[in-house]
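Quick notes on the structure that follows.
The values are calculated or read from the model by the stated rules, or taken from the named source; none is laboratory data. The shown structure was predicted, so the numbers you read here are calculated from the model rather than taken from an experiment. Heads up, the Cβs are rebuilt from the backbone with ideal geometry, glycines too, and the neighbour counts pull from every protein chain shown. For accessibility, only protein heavy atoms count, side chains too; no ligands or nucleic acids. Shrake-Rupley method; radii C 1.70, N 1.55, O 1.52, S 1.80 Å.
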Amino acid sequence: MVSSYLRSDSPLGRMLSLIETPGSSSLRFLILDCPTESTLSYYLEEFKRSNVTHVIRCCQQTYSAARLAQENIQVIDMPFKDGGLPPAPIVHDWLQLVDQQERKSNEENPITIAVHCVAGLGRAPVLVAIALIELGMEPLDAVEFVRRKRRGAFNKPQIAYLV
């Protein structure tokens, strides 16, 4: 189910999209734009609230991973070209992480993997859609599922790649 945008007193407002995996999996994904050193504390608040265990950074580094590590949140860099498609090694590493976290996640303690690029509209949604497809969703359904939550997500080459 696609839940509504996270709501809090945070100035991030509608910048965060929580995607709950349909079916029997309790694994969740949080798609967001790119934090900076000055906004990281707001993101960290939401990460804690959503039980984020990993942050996948698909773009250049704009904040220190050390602050997240202090909160037991691991930052993993999986950069690829803006507007582009993830290379096979990144897809492999991504799916390996998704599989590991999906095994650990349960209804009492759902795990969330946060994924971001610069705007949260291309690279991050592509990785989430790949995970949803791997978890059993039809490719077009995964694109629509993510787009309901992140208007403007995906460009034409990314959609062609996913379907």
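Do any residues in the range 82-103 that are in contact (Cβ under 8 Å) with a residue 40 or more places away in the chain have Cβ atoms under 9 Å from those of residues that are among the charged types (D, E, K, R) and open to solvent by 90 Å² or more (accessible area, probe 1.4 Å), where the two are at least six apart or on different chains, and which pairs are they?
So the pair list comes out as Val98/Glu134.
Out of all the residues in the range 132-163, which are among the small types (Gly, Ala, Ser) and either assigned to a helix (DSSP H, G or I) or open to solvent by 10 Å² or more (accessible area, probe 1.4 Å) (or both)?
Listed by number, the residues that qualify are Gly136, Ala142, Gly152, Ala160.
Would you kindly identify the helices (runs of 4 or more DSSP H) lying entirely within the range 1-120 that contain at least 3 residues that are at pLDDT 95 or above and surrounded by fewer than 21 Cβ atoms within 10 Å (Cβ to Cβ)?
It comes to 88-104.
With the requirement that a residue be touching a helix residue (DSSP H, G or I) at 6+ places or on another chain (Cβ under 6 Å) and touching a residue at least 24 places away in the same chain (Cβ under 8 Å), what does the range 131-149 give you?
Of everything in the range 131-149, those that are touching a helix residue (DSSP H, G or I) at 6+ places or on another chain (Cβ under 6 Å) and touching a residue at least 24 places away in the same chain (Cβ under 8 Å) turn out to be Ala131, Leu132, Ile133, Glu134, Pro139, Val146.
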